[in-house]
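Contents: one structure, followed by commentary.
The values are calculated or read from the model by the stated rules, or taken from the named source; none is laboratory data. Small disclaimer: the values here were computed from a predicted structure and weren't measured. Heads up, the Cβs are rebuilt from the backbone with ideal geometry, glycines too, and the neighbour counts pull from every protein chain shown. The accessibility values were calculated without ligands, DNA or RNA, using every heavy atom of the protein model including side chains. Shrake-Rupley method; radii C 1.70, N 1.55, O 1.52, S 1.80 Å.
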Amino acid sequence: MAKKILIVGGGLSGTIVANGLCRQLAHQMRQGAVSITVLGTSDKHLYQPGLLYVPFGRIREAELFREQKKVLDRRINFFIDPATHIDVEAKTVSTQSGRSFDYDYLVLATGSRIRPDAVPGMEEGAHWFYDLDGARKLRDALAAFEGGRIVVNVNAPHKCPVAPLEITFMLDEYFKARGLGDKVEITYTYPIGRLHALEPVGKWAVPEFQKLGIKSETFFNTKAVDPKAKKIESEEGVTLDYDLLITIPPHNGAEVIENSGLGKAGWVPTNPKTLHREGSDTVFVVGDTTNIPISKAGSTAHFEADTVVDNIASLITENRWARDYDGKVYCFIETGMNTGTYVWFNYTTPPNPGPPSQMIHWFKLAYNRLYWLSARGLL
Ligand SMILES: Cc1cc2nc3c(=O)[nH]c(=O)nc-3n(C[C@H](O)[C@H](O)[C@H](O)COP(=O)(O)OP(=O)(O)OC[C@H]3O[C@@H](n4cnc5c(N)ncnc54)[C@H](O)[C@@H]3O)c2cc1C
């Protein structure tokens, strides 16, 4: 009987896992001993990190998308048929079309989703750039903005933990370039007592903000937005007035995870080293959907996916465990329109951001273009 590998989610991590397994198990697939199936929600693959550049008109929308079929190896069975129920006892996944898929190995790669609706007034009163529609609206709002108070409001949990800092630095430079530097005041809010969840990054950001005159309000857990009065209020009792509110909305995992009883708010309890769903040795979890307390980022998804590929391939071909995930994450950080820095870290080594440079910004732009190779598992 062929071993069936089923991957739920055709975003970054699901795509890397599928393509990587296809390469490592090419021989077994040719013999009909292994099949790989991906269940997705769309025929398009969205390059999410590119959304950061949309509000500033710095990327063409066509660059954000590829046909999902073309990003996946041809040998993979791909269905645009979202999972509606995952039964890990019966080892089956039911889908929207009414089909049922059974599996020997299941990979949960359903990512995360923004929840601006979770905060009263946020949907009506705030802009965001975490989806294409939001990023387009923010682009129009920025173009029309002639000065005033901008609040960049960060809520947790959220993916790409450095994106709120990046947009703040980029906004500052964008308005200065438009000659509006002295007419725009930027205030950045963060839910804990520093500017970033990673302490070294939070410390690094303090002088960077001071240099640019960016204000901050820490311990700001958003309670409500009043779109009419243009005010945002925190659970801690602070109210800020704004002329333009840019939020990083709170996130949840996928509905199917929560509805199948696999994890509160859609986050799956995951072993941080083996990436098994806790208590299971046939269900793996990759990317944003894990509950591992590290950055929800594309690079995390990538390194986790590589680990899962090695382990499933080794288990099938040699009946042995290949390696554990070491918590590796690598993130570029835009510090303006033309400069950037980067951090890398893992479970034992903390991040250590260096001085920004134009060279690192170029590396980030180059890496952005290499995303499609990365999704194909070629990087
Ligand atoms: C503005 C922005 C900037 C970013 N910048 C960076 C960056 O510079 N560097 C970086 O490393 N990361 C960045 N990220 C984060 C990165 O894009 C995500 O962390 C990464 O895509 C996570 O991969 P994933 O596979 O877990 O989730 P996703 O890539 O989101 O894929 C999840 C997939 O699962 C699908 N799905 C959901 N429910 C179901 C279901 N029921 N059935 C089937 N499929 C389902 C979804 O439709 C989606 O296609 C950024 C994100 C944003 C929004």
Exercise. With a 1.4 Å probe and all protein chains in place, put Tyr367, Tyr188 in order of accessible area, largest first.
Key: Tyr367, Tyr188
Practice problem: Take the alpha carbon atoms of region 222-236, find their center, do the same for region 31-105, and report the distance between the two centers in whole angstrom. | Solution: 37 Å
Quiz item: According to a simple spin-label model (label point 7 Å from Cα along Cα-to-Cβ), what is the distance in nm between Ala265 and Lys183?
Solution: 4.0 nm
Quiz item: Considering amide H positions built from the backbone, and no H for Pro or chain starts, which residues 5 or more places from Tyr347, or on another chain, come under 5 Å of its amide H?
Solution: Gly327, Lys328
Practice problem: Keeping all protein chains in position, work out how much accessible area Glu199 exposes to a 1.4 Å probe, and write it in Å² to the nearest 10. | Solution: 90 Å²
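For Arg320 and Glu236, what is the calculated FRET efficiency with R₀ set at 41 Å and r taken between the beta-carbons, to the nearest 0.05? It would help to have the intermediate numbers written out before the result.
Numbers: r = 51 Å, r/R0 = 1.25.
My answer for the efficiency is 0.20.
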Quiz prompt | Solvent-accessible area of Thr349 with every protein chain in place, 1.4 Å probe, in Å² to the nearest 10 | solution = 50 Å²
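Using 1/(1 + (r/R0)^6) with R0 = 25 angstrom and r between the beta carbons of Glu217 and Ala156, what's the FRET efficiency to the nearest 0.05?
On the way: r = 15 Å, r/R0 = 0.59.
Efficiency, rounded to the nearest 0.05: 0.95.
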Quiz item: How far apart, in nm, are two points set 7 Å out from the Cα along the Cα-to-Cβ line at Leu373 and at Asp243?
Solution: 4.4 nm
Quiz item: Roughly how many Å² is the accessible area per residue of the chain, as a whole number, for a 1.4 Å probe?
Solution: 44 Å²
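Output the DSSP H helices from the chain with an along-axis C-alpha extent of no less than 15 Å and a mean Kyte-Doolittle hydropathy no less than 0.0. Working shown, then result.
Numbers: long enough: 12-24 (18 Å, 0.52); 132-144 (18 Å, -0.13); 163-177 (21 Å, 0.35); 199-212 (20 Å, -0.43); 298-318 (29 Å, 0.22); 358-375 (26 Å, 0.02).
Membrane-span-like by this criterion, though nothing is claimed about a membrane: 12-24, 163-177, 298-318, 358-375.
Ranked from highest to lowest mean number of other Cβ atoms within 10 Å per residue, what is the order of the peptides 107-113, 93-99?
Working: 107-113: 26.4, 93-99: 15.0.
Top to bottom by mean Cβ count within 10 Å: 107-113, 93-99.
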Quiz item: So what is the 222 nm mean residue ellipticity for the chain from helices alone, if each DSSP H run of at least 4 adds -39500 (n - 2.57) and you divide by all residues, rounding to the nearest 500 deg cm²/dmol?
Solution: -9000 deg cm²/dmol
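Please compute the length gained on full extension between Asp87 and Ala26, using 0.36 nm multiplied by the number of residues separating them and subtracting their Cα-Cα distance. Kindly include the intermediate steps, with their values, before the conclusion.
On the way: separation 61, 0.36 × 61 = 21.96 nm, distance 2.84 nm.
So the extension gain works out to 19.1 nm.
Heavy atoms only, 1.4 Å probe, whole protein assembly: order Leu370, Leu165, Leu198 by accessible area, highest first. Intermediate values should be presented prior to the final figure.
Values: Leu370 65, Leu165 0, Leu198 40 Å².
Putting Leu370, Leu165, Leu198 in descending order of accessible area: Leu370, Leu198, Leu165.
For Cα pairs less than 8 Å apart in space and 6+ apart in sequence, what is the mean separation divided by the residue count of region 1-152, i.e. the relative contact order in percent?
Values: 233 pairs, mean separation 44.5, N = 152.
Computed over region 1-152, the figure is 29 percent.
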Practice problem: Sort all Cα-Cα distances of the chain into consecutive 20 angstrom bins from zero, then give the percent of pairs in each bin up to the one containing the longest distance. | Solution: 28, 55, 16, 0
Quiz item: How large is the Kirkwood hydrodynamic radius of region 231-289, in angstrom, based on all distinct alpha carbon pairs?
Solution: 14.1 Å
Quiz item: If Cys331, Cys160 are ordered by their accessible area, calculated over protein heavy atoms with a 1.4 Å probe, which sequence runs from highest to lowest?
Solution: Cys160, Cys331
Quiz item: Residue by residue through region 72-78, which ³J(HN,Hα) values in whole Hz follow from phi under the Karplus form 6.51 cos²θ - 1.76 cosθ + 1.60 (θ = phi - 60°), with glycine and proline marked x?
Solution: 8, 4, 5, 7, 8, 7, 10
Quiz prompt | region 153-173 residues near the modelled Leu365 label - backbone nitrogen below 20 Å, point 7 Å along Cα→Cβ | solution = 163, 166-173
Self-check item: Karplus-derived HN-Hα couplings along region 219-225 (A = 6.51, B = -1.76, C = 1.60, θ = phi - 60°), whole Hz, x at Gly and Pro
Solution: 6, 10, 9, 5, 9, 6, 10
Practice problem: Select from Thr341, Asn259, Leu244 the residue farthest towards the positive end of the dipole of the chain; place +1 on Cβ of Lys and Arg, -1 on Cβ of Asp and Glu, and compute about the Cα centre. | Solution: Thr341
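Once the Cα gyration tensor of region 257-296 is found, what semi-axes does its equivalent ellipsoid get, as square roots of 5 times the eigenvalues, in whole Å, sorted largest first?
So the equivalent ellipsoid measures 14, 13, 7 Å along its semi-axes.
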Quiz prompt | Convex hull volume per residue for region 238-379, taking Cα atoms only, in Å³ | solution = 181 Å³
Quiz prompt | Accessible-area value, Met337, 1.4 Å probe, nucleic acids and ligands omitted, Å² | solution = 10 Å²
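Quote the relative contact order of the chain in percent (integer), defining contacts as alpha-carbon pairs under 8 Å separated by 6+ residues.
After rounding, I find 19 percent.
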Quiz item: For region 155-194, what mean projected area does the convex hull of the alpha carbons give, in nm²?
Solution: 3.2 nm²
Self-check item: Accessible-area composition of region 115-251, carbon plus sulfur, in percent [1.4 Å probe]
Solution: 50 percent
Self-check item: Distance cut-off 20 Å, percentage of C-alpha pairs in region 115-251 lying past it
Solution: 41 percent
Quiz item: Can you give the net charge of the other residues whose Cβ lies under 12 Å from the Cβ of Trp362, counting K and R as +1 and D and E as -1?
Solution: +1
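If you wrap a convex hull around the alpha carbons of region 1-54, what volume per residue comes out, as a whole number of Å³?
Numbers: hull volume 4.5 nm³, N = 54.
Convex hull of Cα atoms, per residue: 83 Å³.
How long is the gain from Thr349 to Leu46 if the chain were fully straight, where each residue apart is worth 0.36 nm and the alpha carbon distance is subtracted?
Values: separation 303, 0.36 × 303 = 109.08 nm, distance 3.12 nm.
That works out to 106.0 nm of additional length.
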Quiz prompt | Length released on extending from Ala2 to Glu63, taking residue separation times 0.36 nm less the Cα-Cα span | solution = 18.2 nm
